[in-house]
Amino acid sequence: MKDTKNAIIMAVNTFDNPFNEDDKDELINLAKACNIQVDGMIVQNLDRINKDTYVGPGKVEEVMLLANELEVDFIITNADVSARVIRNFDKLTDQIILDRNMLILEIFSERAKSKSAQLQVEIAKINYELPRLVGSSEHLGRQAGSTGGGLANRGLGETKLELERRDLNRKLSQYRKDLKALEVQQNIQKQQRDKNAVFRVSLVGYTNAGKSTIMNQVLAKSDNDNTVFVKDMLFATLDTFTRNIRIDSIPEFLLSDTIGFINNLHHTLIDAFKSTLSEVRDSDLLLHIIDSSNPDYLKHKSITEKTLKEIGAQDIPIIEVYNKADLAKEPALYPNSISINAYNPEDIDILLDIIKQRILKHYSKLTLHVPYDQSQILNTLFASNMTKILDQDETGYTLEVYVANDHAKQFKKYIKHFN
Ligand SMILES: Nc1nc2c(ncn2[C@@H]2O[C@H](COP(=O)(O)OP(=O)(O)OP(=O)(O)O)[C@@H](O)[C@H]2O)c(=O)[nH]1
Ligand SMILES: [Mg+2]
């Protein structure tokens, strides 16, 4: 979707799926991210979504009147639509029904950059599309019938719908195969990293909370200037970016920036991003970034917690980082948390100090004497920014080092003393 199109929102406010002011803003922003301007809105309070017409049958006429008066291209719903609703609206109007999840999929598909993100989005899209395919099957079926049958023409006897379904299923299995192959490749890289046993920290949280901003502020303090994309929009980040962080007096660690979560993310998308989010599952520490200036931040926080559970990351130690403190009406004061403004370098130092304390729990400070001929061990130790030369004599170096507890064994014979 290139040029700006326009739409009205047709929403149902139910007890299970409320549609409040923030949900309105979020849906309008999702549309905006797809270059769709929202010109009008009709909201109906119901016990549940109508399975034939989404809103109640009496309300449909009102929706049609507004859509026609404003000459919109789309009618956007706040929850998933079924094939039945799509089919019923197809009979009524040329305007296309889009649901919230379709908007999210559209944004994902435009923004996905890496091959694996692209494949995951395509898979999620097809999984979402398949049960919602409606086609002019009767029409094509009649045409095919008139050309006569026979084995050679068997394909013609199929309805357009079946052809489409088959085509999508074929693509689906191809994409799944391609993704598997990529994952094998990425696993090799990951195993390489695992061998190095570097502490892994991941930034997680609701979309637009400030994860990428924090990543960049940390990078600004490290010798890695490979920054990531930041923008005031939903789903600015779709890929997981992992960077090596080397900052004086902090043991080296890996920091991953990840895709933001959102309310009611469809399970097809959660499934699709499970592999992108494997970095999160394999982390030693999670920084849960929360936009404390958003009136709905507690809801966003619980959505993130629920999503972490869904991807199997609920048992990883977590620090809550209440971000955008400069914009928040009141300070967010909760146990086991900090409140920061990502753009304040001193706040980033406080965050880094907390990370450092967590890392050091897994490290031992040792004094080693390593002979000069142990070049491999020396190379490993000198690669760390925490290693200090205490002394040097004709036999070798005396070093103060920090080594991961899991790795301490290999240095045993060089130990002069533990600290
Ligand atoms: N005033 C203020 N703005 C912030 C702060 N942190 C981030 N922002 C802004 O918030 C917007 C979103 O920031 P991002 O870092 O892209 O957010 P994200 O969590 O990575 O978002 P997604 O990638 O979409 O999940 C940007 O416009 C940032 O400049 C903060 O502490 N204070
Ligand atoms: Mg981001």
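Could you check, for the stretch 343-353, whether at least one of its residues is under 30 Å from residue 409 (Cβ atoms), modelled with pLDDT of 90 or more and not aromatic (Phe, Trp, Tyr)? Within the stretch 343-353, one or more residues are under 30 Å from residue 409 (Cβ atoms), modelled with pLDDT of 90 or more and not aromatic (Phe, Trp, Tyr). Of all the residues in the stretch 352-365, those that are open to solvent by 50 Å² or more (accessible area, probe 1.4 Å) and without any contact (Cβ under 8 Å) to a residue 60 or more places away in the chain number 4. Of the residues making up the stretch 224-252, those that are more than 16 Å from ligand 1 (Cβ to nearest atom) and in contact (Cβ under 8 Å) with a residue 24 or more places away in the chain are 244, 245, 246, 247, 248, 249, 250, 251, 252.
If you go through the stretch 223-246 and keep only what is out of contact with any helix residue (DSSP H, G or I) (no Cβ under 9 Å at 6 or more places or on another chain) and either open to solvent by less than 20 Å² (accessible area, probe 1.4 Å) or not in a loop (DSSP other than H, G, I, E, B) (or both), you end up with 244, 246. Beta carbons closer than 6 Å, at least 6 apart along the sequence or on distinct chains, pair a first residue in the stretch 208-219 that is more than 8 Å from ligand 2 (Cβ to nearest atom) with a second that is assigned to a helix (DSSP H, G or I) for 217/348.
From the list 187, 216, the lone residue that is part of a helix (DSSP H, G or I) and within 16 Å of ligand 1 (Cβ to nearest atom) is 216.
Is it true that some residue in the stretch 352-359 is acidic (Asp, Glu) and assigned by TED's automatic domain parsing to the domain that holds residue 202? Yes, because at least one residue in the stretch 352-359 is acidic (Asp, Glu) and assigned by TED's automatic domain parsing to the domain that holds residue 202. Residues of the stretch 354-403 being under 19 Å from residue 198 (Cβ atoms) and charged (D, E, K, R), which ones? Of everything in the stretch 354-403, those that are under 19 Å from residue 198 (Cβ atoms) and charged (D, E, K, R) turn out to be 356, 358, 361, 365. For residue 400, the criteria (1) of a type outside the set (A, V, I, L, M, F, W, C); (2) closer than 23 Å to residue 285 by Cβ; (3) touching a strand residue (DSSP E or B) at 6+ places or on another chain (Cβ under 7 Å) hold in every case but one, which is (2). Screening the stretch 34-137 for helices (runs of 4 or more DSSP H) wholly inside it with 3 or more residues that are within 21 Å of residue 262 (Cα to Cα) returns the ranges 100-111, 115-129.
Sort through 67, 33, 79 and tell me the only one that's touching a residue at least 24 places away in the same chain (Cβ under 8 Å), touching a helix residue (DSSP H, G or I) at 6+ places or on another chain (Cβ under 6 Å) and under 27 Å from residue 110 (Cα atoms).
Details: 67 fails: touching a helix residue (DSSP H, G or I) at 6+ places or on another chain (Cβ under 6 Å); 79 fails: touching a helix residue (DSSP H, G or I) at 6+ places or on another chain (Cβ under 6 Å).
One residue alone meets the criteria, 33.
Okay, residues lined up against (1) open to solvent by 20 Å² or more (accessible area, probe 1.4 Å); (2) closer than 30 Å to residue 272 by Cα:
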| residue | (1), (2) |
| --- | --- |
| 53 | yes, yes |
| 62 | yes, no |
| 70 | yes, no |
| 78 | no, yes |
| 81 | no, yes |
| 85 | no, yes |
| 92 | yes, no |
| 112 | no, yes |
| 122 | yes, yes |
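Could you say whether any residue in the stretch 372-388 is part of a strand (DSSP E or B), of a type in the set (Phe, Trp, Tyr) and either open to solvent by 50 Å² or more (accessible area, probe 1.4 Å) or over 25 Å from residue 287 (Cα atoms) (or both)? So far as the stretch 372-388 goes, no, none of its residues is part of a strand (DSSP E or B), of a type in the set (Phe, Trp, Tyr) and either open to solvent by 50 Å² or more (accessible area, probe 1.4 Å) or over 25 Å from residue 287 (Cα atoms) (or both). Residues in the stretch 366-379 that are of a type in the set (S, T, N, Q), in contact (Cβ under 8 Å) with a residue 12 or more places away in the chain and farther than 11 Å from residue 415 by Cβ: 374 alone.
Annotation note: Cβ proximity below 7 Å between a residue of the stretch 269-297 that is closer than 23 Å to residue 232 by Cβ and a residue that is open to solvent by 30 Å² or more (accessible area, probe 1.4 Å) and of a type in the set (A, V, I, L, M, F, W, C) (sequence gap 6+ or interchain) occurs for 288/318; 292/325; 293/327.
The values are calculated or read from the model by the stated rules, or taken from the named source; none is laboratory data. Worth saying up front: this structure is predicted, and the values here are computed from it rather than measured. For neighbour counting, all protein chains shown are included, and Cβ atoms are generated from backbone atoms with ideal geometry for every residue, glycine included. Keep in mind that these areas ignore ligands, DNA and RNA; they rest on the heavy atoms of the full protein, side chains included. Shrake-Rupley method; radii C 1.70, N 1.55, O 1.52, S 1.80 Å.
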